[in-house]
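The values are calculated or read from the model by the stated rules, or taken from the named source; none is laboratory data. Quick caveat: nothing in here was measured; it's all calculated off a predicted structure. Every residue, glycine among them, receives a Cβ derived from its backbone with ideal geometry; neighbour counts consider all protein chains shown.
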Amino acid sequence: MTPFLAVANPEELKNYCREHNFPAFRAGQIDSWLHTHCVVDPDMMKNLPADLKAALKQDFHAPGSRIAEISTSPDQVEKLLLKLHDNEYIEMVAIPSEKRLTFCLSTQVGCPVGCLFCASGRNGLTRNLSAGEMLEEFCIGTLRAGRPDNLVFMGIGEGLLNFDNLAVTLNTLVDQFKFSPRRITVSTSGFVPGMKKFAALKREFNLAVSLHAPDDNTRSKLIPPKLRYPVAEIIAAADEIAKANNRQYTLEYTLIAGINDSPEHAEKLGRLAFAHHAKINLIPYNETGGAFRRPPAKVIDDFENTILNTGARVTRRIERGSAETAACGQLRAAKTAGGK
């Protein structure tokens with residue numbers, strides 16, 4: 001299997017140069033291009049000799065991913081559809097605001113969870129992304145939009161079902177790319193075994209739990225049973241992570257008309273979050289052509305106010321980019337539906 005240059009660490013680069021009879025200082029040059037400038041393509045590494053560039057391109061995916069399509073919304077949210085080395089597709093999104101730049105990164109090609117309201121998992125899981133491919137998302141985005149202030153692993157896939165590769169990615173971002181763990185958020189649909197592994201990392205990463213319902217009965221209407229865990233187990237695992245990394249976690253809650261938007265749901269959710277010192281992020285549903293619908297504005301406002309009355313912290317996600325299919329998975333779904 002061909003390795004990815006994006007995941008190579010300084011020691012591996014030194015060994016590579018030694019084994020291929022290149023001067024030792026070349027390893028430092030490659031390392032600088034990778035981890036300081038986020039350059040993965042040897043042809044862009046201007047101070048390397050042609051024979052070293054050729055060797056790197058022969059021996060590594062450098063890079064394995066290419067931009068296949070760019071979609072830019074009126075508010076400058078930019079979605080990149082990336083074509084992988086095996087002709088599969090994933091998405092990453094660059095989300096600028098007045099004070100910060102956030103990248104939303106994918107962890108799998110497709111998703112096995114199959115949340116009924118989500119475009120990402122409609123065709124199931126094709127395969128996991130390697131650590132190199134996830135790091136290439138970061139590097140490609142950085143070259144195009146600048147180094148981000150925040151990273152959220154909230155794109156296509158359930159990252160904690162690809163835990164080993166995700167852990168390598170996270171540790172490489174912190175140790176090699178010098179990215180603060182406090183500025184990295186990992187989202188999960190509530191895969192409890194993976195959450196327990198995540199707690200064992202004991203680094204100050206942020207956790208976002210895609211809960212979408214405060215009770216098991218409601219959640220069963222949104223999440224298929226194969227990878228659905230009881231709410232109590234999910235919250236217990238999230239509490240374990242909060243204790244391990246000393247970070248408050250967030251409960252992500254997509255509001256869907258007639259499913260999880262009643263005052264009773266709001267009351268339960270607020271009390272749950274307050275009892276466990278969690279934040280709530282409300283996400284009014286972005287319609288993707290299925291049977292689900294977005295609640296009316298008044299229902300959303302009342303839901304938020306009911307939560308506030310429980311004493312819990314709640315924010316409402318600022319909607320960005322939906323006009324250009326920037327909701328998760330939609331651009332890839334359109335591409336794959338039309339053929340590769």
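The table below lists the values:
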{"quantity": "The stretch 230-255, residues that are buried (at least 19 other Cβ atoms within 10 Å of the Cβ) and within 26 Å of residue 290 (Cα to Cα)", "calculated": "231, 251, 252, 253, 254, 255"}
{"quantity": "Residue within the stretch 152-162 that is modelled with pLDDT of 95 or more, within 11 Å of the chain's Cα centre (by Cα), in a loop (DSSP other than H, G, I, E, B) and aliphatic (A, V, I, L, M) present", "calculated": "yes"}
{"quantity": "Condition met for residue 127 (surrounded by fewer than 21 Cβ atoms within 10 Å (Cβ to Cβ) and within 24 Å of residue 68 (Cα to Cα))", "calculated": "yes"}
{"quantity": "Answer residue from the stretch 54-85, given it is crowded, with 17+ Cβ neighbours inside 10 Å and among the basic types (Lys, Arg) and is farthest from residue 1 (Cα to Cα) among those", "calculated": "79"}
{"quantity": "Contacts under 7 angstrom Cβ, first residue in the stretch 277-303 being small (Gly, Ala, Ser), partner surrounded by fewer than 16 Cβ atoms within 10 Å (Cβ to Cβ), 6 or more apart", "calculated": "278/248"}
{"quantity": "Pick from the stretch 175-204, criterion part of a loop (DSSP other than H, G, I, E, B) and among the hydrophobic types (A, V, I, L, M, F, W, C), ranking: farthest from residue 115 (Cα to Cα)", "calculated": "177"}
{"quantity": "Elements of type helices (runs of 4 or more DSSP H) contained in the stretch 222-332, each with 1 or more residues being over 29 Å from residue 198 (Cβ atoms)", "calculated": "263-275, 297-309"}
{"quantity": "Unique residue being part of a helix (DSSP H, G or I), closer than 20 Å to residue 245 by Cβ, in the same structural domain as residue 271 (by TED's automatic domain parsing) and of a type in the set (A, V, I, L, M, F, W, C) when the list is 207, 166", "calculated": "166"}
{"quantity": "The stretch 249-268 residues that are over 22 Å from residue 239 (Cβ atoms), paired with ones that are in a strand (DSSP E or B) and charged (D, E, K, R) (beta carbon under 8 Å, 6 or more apart)", "calculated": "none"}
{"quantity": "Test: residue in the stretch 164-174 that is closer than 19 Å to residue 8 by Cβ and of a type in the set (D, E, K, R)", "calculated": "yes"}
{"quantity": "Test: residue in the stretch 31-38 that is modelled with pLDDT of 95 or more, β-branched (Val, Ile, Thr) and surrounded by 18 or more Cβ atoms within 10 Å (Cβ to Cβ)", "calculated": "no"}
{"quantity": "Which listed residue, of 288, 310, 306, 315, is over 24 Å from the mean Cα position of the chain (by Cα) and either modelled with pLDDT under 95 or within 26 Å of residue 246 (Cβ to Cβ) (or both)", "calculated": "310"}
{"quantity": "Any hit, the stretch 48-59, residues being closer than 16 Å to residue 143 by Cβ and either among the charged types (D, E, K, R) or more than 22 Å from the chain's Cα centre (by Cα) (or both)", "calculated": "no"}
